[in-house]
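Structure first, commentary second.
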Amino acid sequence: MTNPKQYDKLDIVEMRKPHACQTNRWEIIRMGMDIRIKCQNCGHIVTMTRRDFEKKMKRVLVQNQPKVNPEETQRK
Ligand SMILES: [Zn+2]
């Protein structure tokens, strides 16, 4: 459950190396064959393969959507 390598679209992640602008906050804007991340400071976009991304990503800072069963959240 607490696997730091668990990530999803719109999560904010930290990479092993900060961007050239010294910011180390990236938003995942596309998940597919390739992963596309956007620097939260300067808006620079980087595309890399999923394999590359998993190698370069350090941790998830902000998880956009907690992994819960949708039926659970609808129940009141
Ligand atoms: Zn940047």
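Bear in mind these aren't lab numbers, they're just calculated from the coordinates by the rules spelled out. Given the structure is predicted, the values throughout are model-derived calculations rather than measurements. Glycine gets a Cβ as well: all are built from the backbone with ideal geometry, and neighbour counts include every protein chain shown.
Below are the figures for this structure:
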quantity: Exposure proxy ranking, count of Cβ atoms within 10 Å, fewest first, for MET57, MET48; calculated: MET48, MET57
quantity: Size of electric dipole in region 12-74: Cβ of Lys, Arg +1 and of Asp, Glu -1, about Cα centre, debye, nearest 20; calculated: 380 debye
